[in-house]
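Structure record follows, encoded as structure tokens.
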Amino acid sequence: MKPVYINSVGSVSAQKTFENNEFLNEITDYNDTVIHVIDPNYKEYIPPAAARRMARGIKMSTVSSKNALTEAGIENVDAIIVGTGLGCIGDSERFVSDIIKNDEQFLTPTRFIQSSHNTVAGQIALGLGCKGHNFTFVHSAVSFESSLIDAKIMLENNEVNTVLVGGVDELVEHHVTTHRLIGHIKKKPIALKELLQSKTEGMVMGEGSHFFVLSTEKSPSTYSELVAVKTFNTLSKERVEGKIVAFLERQHLSINDIDLVILGNNGDVNYDGYYEQLSTTLFNDTPQAYYKHLSGEFDTATGFAFWLANKILKTQNIPDVVKLNAIEPSNLKTVLIYNQYRGENHSLTLIRKC
Amino acid sequence: MGKGVAITGMGAISAIGDNVQENYDALVSGKVGISRISKIDTVHKDDIMVGEIEMTNDQLKQKLGIPKEDAVSRTALLAMLAADEAISQAGVTDINDCETGLISGTTVGGMDQSEKYYFEYLESDEHWGHINGLHAGDSTQKLADHLGLTESFASTISTACSSAANAIMLGARMIQSGQLDRVIVGGTDSLCKFTINGFKTLMILSDTHNTPFDDERKGLNLGEAAAYLVLESDEIVKRDNKKVLGYVTGYGNANDAYHQTASSENGDGAVLAMEKAFKVAGLDPSDIDYVNAHGTATPNNDLSEGRALLRTFGGNVPEFSSTKAFTGHTLAVAGGIEAVYSVLALQNNIIYPNLNFTTPMKEFTLLPQTTVKQKELRHVLSNSFGFGGNCSTLIFSKEA
């Protein structure tokens, strides 16, 4: 089996991450219950006429995918795989709302077309003229990991040499309103630097788009090697530790080999216990980081974590703002990402400096 | 590549039957499932015909033993019924007895409920249980819970009308690469105002019975369905002495990269998908005994697919037919229900009729098979194409 390398990154998030030569140089602090991306100058990437009707998820992804391709120094790829919890949900919502308000009349197709969950993957393919494998995964918090798994299998099996893999979700009003109703989003604004001390229910919802070029060939721009990815639809608190140990063992690794663990704490008092128990037991002596105070929580927030892990390995620097404990790694080689959302859809992603 | 992946169970529910046997009986007896819509109060009800499943949500819940008041979308209910049948045929008694996965395709997810309560959510908490159902993955998660699948790989693919085909493809890959021992693959979609109106704005809905590959075709009939296959590794087949129904031997996905909703004039993506599938299967076009076409009966699809078939098979296009005149276009499930039909075709050495065909298309001389035909079948090819230029081909075979 061929090794799989992460050769480039591209990010549009609630922090200024769209410049690949920077790494969280300036931090935007929020005090809110929802946070939007910092928009790059879309005009540099998209003709204004096209941009007007374009869903935000497509716009963000045009930038992050282009940045990933540019950094990898390639113009096309063999496959495009995208994870998205909700696709271009803004257009879906507008279409439903128009159906109801206009009693199913005077509708136009654009909203419906962009509602198709695979719009982003399709649009990127169209833009690149990429006729290869084109998949879209829509499974809540493991949408991005499902894409990584699909890409990894195809690369290892020699079916393709380069894959553009991404995760994208956009924040829209009705979705926020309804998810606030059911307590998934915090009721009151919170200063995000105090996210983990909130002791309240729900998360701060964010959005973002993250793309990466994965390849079987190492290049001068290579960030890391993708060692393993695994997801679990259910997992009880009592069983997480055992699953992590078994996951590492399969790679002939132990906890001591992990130089940094990136945890998905989102400040929800009902579910952060999954991470807290690991912080004080299994990972007690491991350097720990977190990120959802920077990115917000969304279905493909782990795209931000994957971006963060890769930037850390490349720069050999853990920004202070993401540190969850004071332990300094003696070596920065192997990074583990663990995530779950509301106790479901757990994922483990392991990357290694190469 | 090499060996195919064993199929050990199948389940299906569509407008022509609540289980696999009923679907097969309808296909060979010419019983169509296309009618006026009865369960959704849409202003378009007199302009469209659909492939609607007879059972109401309450009846589905009763059959599944789910309390009436539980917030479960029709999409998820249909999935449970079909997957239960597949699991039962595969003789799976403990779903967690090996590394089992679930990959489901859907386009609408819980939209059938979301569109009902969209504004009502803001007024009353009565239907808040459906809020999270808007996530397409929620239907898969509920299906996993229903099947008792725990600590496992469960995911959802949404690539429009090729979703279930792609779920089957990924499942086969994950078995071949040793990541899973068993995987339940397929898809589910229910009718809703969202898709009815969406396709209406695209002006590709027929006001009468759809007529695949006919020169006078007017568009598609939407349908609803769920269909799942159980794929198992050779080790599990051997361990449990399983009866194998057929094999997934070839698969290919390619992108047309031509237009967000329309297929290219010459079917570039379709040709590439079929070529990839042949390569994976180690087969030549001449090995294919029957093509279960996508054949939605839209002017664009049937022209593009027809040309792709001619380019791929040259002058020797095998018997082909679209079963959409029976079921309607079941969107995400098309590749799943037609996978079930393809395996049934292999098992029974039967080619299904392409109904409602009278006038050959003027662009070429392709003639679909219009009557039930007995023929020794070894390899069946099934196409599914979707928005976003998504083109998928699966090949099913009697032998690995």
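Each reported figure results from applying straightforward, stated rules to the coordinates on display, with no laboratory input. These numbers were taken from a predicted model, which means no experiment stands behind them. So basically every Cβ, Gly included, is an ideal-geometry build from the backbone, and we count neighbours across all protein chains shown.
Could you work out the local net charge near residue A:265, counting Lys and Arg as +1, Asp and Glu as -1, over the other residues with Cβ closer than 10 Å to its Cβ?
Residues near residue A:265 contribute -3 overall.
What percentage of all Cα-Cα pairs in the stretch B:132-219 are separated by more than 20 Å?
Roughly 52 percent, rounded to a whole number.
Loop-only check: which chymotrypsin sites (Phe, Trp or Tyr not before Pro) in the stretch A:57-160 are DSSP coil with at most 13 other Cβ within 10 angstrom?
A:106
Work out the FRET efficiency for residue B:244 and residue A:252 from their Cβ-Cβ distance, taking R0 = 35 Å, and round it to the nearest 0.05.
0.50
Explain nothing, just compute: Karplus ³J(HN,Hα) = 6.51 cos²θ - 1.76 cosθ + 1.60, θ = phi - 60°, for every residue of the stretch A:290-301 in order, whole Hz, x for Gly and Pro.
With the stated coefficients, the stretch A:290-301 comes to 9, 8, 6, 6, 9, 9, x, 9, 7, 4, 10, 4 Hz.
With a Förster radius of 30 Å, plug the Cβ-Cβ distance of residue B:316 and residue B:265 into 1/(1 + (r/R0)^6) and report the FRET value to the nearest 0.05.
Efficiency for this residue pair is about 0.85.
Rounded to two decimals, what is the ratio between the C-alpha radius of gyration of the stretch B:5-239 and 2.2 N^0.38 Å?
Dividing the Cα radius of gyration by 2.2 N^0.38 Å gives 1.03.
Can you give the average number of partner chain beta-carbon atoms within 10 Å of each beta-carbon in peptide A:96-105, as a whole number?
Per residue, the number of nearby Cβ atoms from other chains is 5 on average.
On a C-alpha basis, how far is the centre of the stretch A:294-354 from the centre of the stretch A:237-285 in Å? Whole number, if you could?
12 Å
Between residue A:70 and residue A:106, take the C-beta separation as r, use R0 = 35 Å, and let me know the FRET efficiency to the nearest 0.05.
E(calc), rounded to 0.05, equals 0.25.
Can you quote the Å³ per residue value for the convex hull of the Cα atoms in the protein assembly as shown, rounded to an integer?
Enclosed volume per residue, from the Cα hull, is 139 Å³.
Once you place label points 7 Å from the Cα toward the Cβ at residue B:94 and residue B:31, how far apart are they in nm?
3.9 nm
For the modelled label position 7 Å from the Cα of residue A:19 along Cα-to-Cβ, which residues of the stretch A:57-76 have backbone nitrogen atoms closer than 17 Å?
Those under the cut-off are A:64, A:67-68, A:71.
Over all directions, what mean area does the Cα convex hull of the stretch B:42-132 project, stated in square nanometres?
That works out to 8.3 nm².
Provide, as a two-decimal number, the C-alpha radius of gyration of the stretch A:224-352 over 2.2 N^0.38 Å, N being how many residues it has.
For the stretch A:224-352, the normalised Cα radius of gyration is 0.95.
Averaged over B:145-152, how many beta carbons belonging to a partner chain fall within 10 Å of each residue's beta carbon?
Per residue, the average neighbour count from other chains is 3.
Please order B:52, A:170, A:75, A:201 by the number of other Cβ within 10 Å, starting at the fewest.
By the 10 Å Cβ count, ascending, the order reads A:75, A:201, B:52, A:170.
What number, in nm² with one decimal, is the all-direction average of the projected area of the convex hull of the alpha-carbon atoms of the stretch B:340-386?
About 4.5 nm², averaged over all directions.
When you have a sec, figure out the Kirkwood radius of the stretch B:251-397 from all distinct Cα pair distances and drop it here in Å to one decimal?
14.9 Å
Can you give the net charge of the other residues whose Cβ lies under 14 Å from the Cβ of residue B:240, counting K and R as +1 and D and E as -1?
My count for the surroundings of residue B:240 gives -1.
Can you give the net charge of the other residues whose Cβ lies under 12 Å from the Cβ of residue B:108, counting K and R as +1 and D and E as -1?
Local net charge: -3.
If I model a spin label at residue B:371 and residue B:284 as a point 7 Å from the Cα along the Cα→Cβ vector, what separation in nanometres do I get?
3.1 nm
Can you give me the Cα centroid spacing of the stretch B:120-160 and the stretch B:241-265 in angstrom?
26 Å
Would you kindly state how much longer the chain becomes between residue A:354 and residue A:199 on full extension, computed as 0.36 nm times their sequence separation minus their alpha carbon distance, in nm to one decimal?
Residue separation times 0.36 nm, minus the Cα-Cα distance, leaves 51.8 nm.
Output the pairs from A:230/B:142; B:31/B:242; A:186/A:323; A:43/A:101; A:243/B:276 with a Cα-Cα distance over 30 Å in this structure; if there are none, say none.
Listed pairs above 30 Å: B:31/B:242; A:43/A:101; A:243/B:276.
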